[in-house]
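Report on the structure given below.
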Ligand code: SF4
């Protein structure tokens, strides 16, 4: 017989947003932690470009999303599951959610490459957990872990949704919301290890921005000097 928690599937909540709270896509959290300007270009200015990395990531996601949900002994696999939290103004899609017989929910997010030094992938997954708790009407903080599946490694890396990760996730969500509401795109700062992998580099032109900033700084210094020299 199904437990009452299992009977909450599919999610019961039927609307995405509440008045006065701008909804933030979970993917935006990852974009923001990678680079706030990248986040603004995608989620404020609505521009996008593909490169090899994004194409590889898309292929990985399509493989994860392909096929219907399935049932294995003791676990139901749900693919491409839309989730949201009205309270936090978040929405997104989980690549895979494992719904275990004992009611445990485990989100699994597919990523290209390997585990990163930054926490961008982890906060996206933690955002999924926060949304899953709301969508399945679970207690806050009741989903304690999930997995990132990295294409290069072909294995899962466990992520614990502890208090610092949850706090960071909600803090970034607020920063993204403020960015969207103010419609502000930060200026570029060329960082080779981030920018050279960024699919938006040709739209962003971070090296030109650096030159422009250099010109502006030079012009301002000349202006200051001329003011100082005046009798
Ligand atoms: S090119 Fe660099 S500065 Fe521009 S959006 Fe990408 S990571 Fe950010």
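Taken together, the values in this text are just the output of simple stated rules run on the coordinates, not laboratory data. Not measured: the values here are computed from a predicted model. Virtual Cβ from ideal backbone geometry, glycine too; neighbours counted across all protein chains shown.
Show me the ranking of peptides 189-196, 39-46, 74-81 by mean Cβ neighbours inside 10 Å, starting with the highest.
39-46, 74-81, 189-196
Residues in segment 177-202 near a label at residue 52, defined as backbone nitrogen under 12 Å from the 7 Å Cα→Cβ point?
Those under the cut-off are 197.
Report, as a whole number in µm² per second, the diffusion coefficient that Stokes-Einstein gives for segment 111-186 at 20 °C and 1.002 mPa s using the Kirkwood radius over alpha carbon pairs.
In µm²/s, the coefficient rounds to 157.
Grab the beta carbon distance between residue 187 and residue 63, set R0 = 30 Å, and tell me the FRET efficiency rounded to 0.05.
It comes to 0.20.
For the residue pair residue 167 and residue 197, what label-to-label distance in nm results when each label sits 7 Å from Cα along the Cα-to-beta-carbon direction?
The answer from the label model is 2.7 nm.
What is the order of 197, 72, fewest Cβ neighbours within 10 Å to most?
72, 197
Residues of segment 88-124 with the amide nitrogen closer than 15 Å to a label point 7 Å from the Cα of residue 21, along Cα-to-Cβ, please.
Backbone N within reach: 88-92.
Residue 178 to residue 100: extension gain in nm, 0.36 nm per residue of separation minus the Cα-Cα distance?
My answer for the length gained is 24.4 nm.
Among 135, 66, what is the fewest-to-most ranking by other Cβ atoms within 10 Å?
66, 135
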